[in-house]
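Read through the structure below, which is laid out as structure tokens, and then see the notes.
Bear in mind these aren't lab numbers, they're just calculated from the coordinates by the rules spelled out. Given the structure is predicted, the values throughout are model-derived calculations rather than measurements. FYI the Cβ positions are ideal-geometry reconstructions off the backbone, even for glycines, and counts take in every protein chain you see.
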Ligand SMILES: [Zn+2]
């Protein structure tokens, strides 16, 4: 199943950006079962080598605070935090009023981080 899913992702995208989920650390918490079930480490490794073989850009970014940061205004004042906050799937930013789905907001922040890294990695040409 992982082979089929990663194959499909790599064949339908030119660039894939993932967060640096620390599966080993999460496996030592109460979230262990879901982390191990999801096979995060295997999935990410498979995705990376398939991207490299297919010429698809693969970028891994530090995902710290990506679930807590508003993807519209960058505020972290009103987002759910800590272990208790993990159960809250939707929240509204009190700064800009945007209603967020936790996973989509996090994905938008990871995408933005990947783009910043790409922009920073492009050499400036001087004549
Ligand atoms: Zn906001």
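Compared with the rule-of-thumb size 2.2 N^0.38 Å for a compact globular protein, the stretch 63-127 has a Cα radius of gyration ratio of 1.36. Here each label is just a point 7 Å from Cα along the line to Cβ, and for residue 8 and residue 75 those points are 3.8 nm apart.
With contacts defined as alpha carbon pairs under 8 Å and 6 or more residues apart, what's the relative contact order of the stretch 67-107 in percent?
On the way: 57 pairs, mean separation 17.1, N = 41.
Relative contact order comes out at 42 percent.
Inter-label distance, residue 21 to residue 1: 1.3 nm, where each label sits 7 Å from its Cα along the C-beta direction. The modelled label-to-label distance for the pair residue 115/residue 54, using points 7 Å beyond Cα in the direction of Cβ, is 2.2 nm.
Determine the shape class of the stretch 46-99: with a ≥ b ≥ c the square roots of the Cα gyration tensor eigenvalues, call it rounded for a/c under 1.5, and otherwise prolate if a/b is greater than b/c, oblate otherwise.
Values: a/c = 3.43, a/b = 2.31, b/c = 1.48.
Verdict is prolate for the stretch 46-99.
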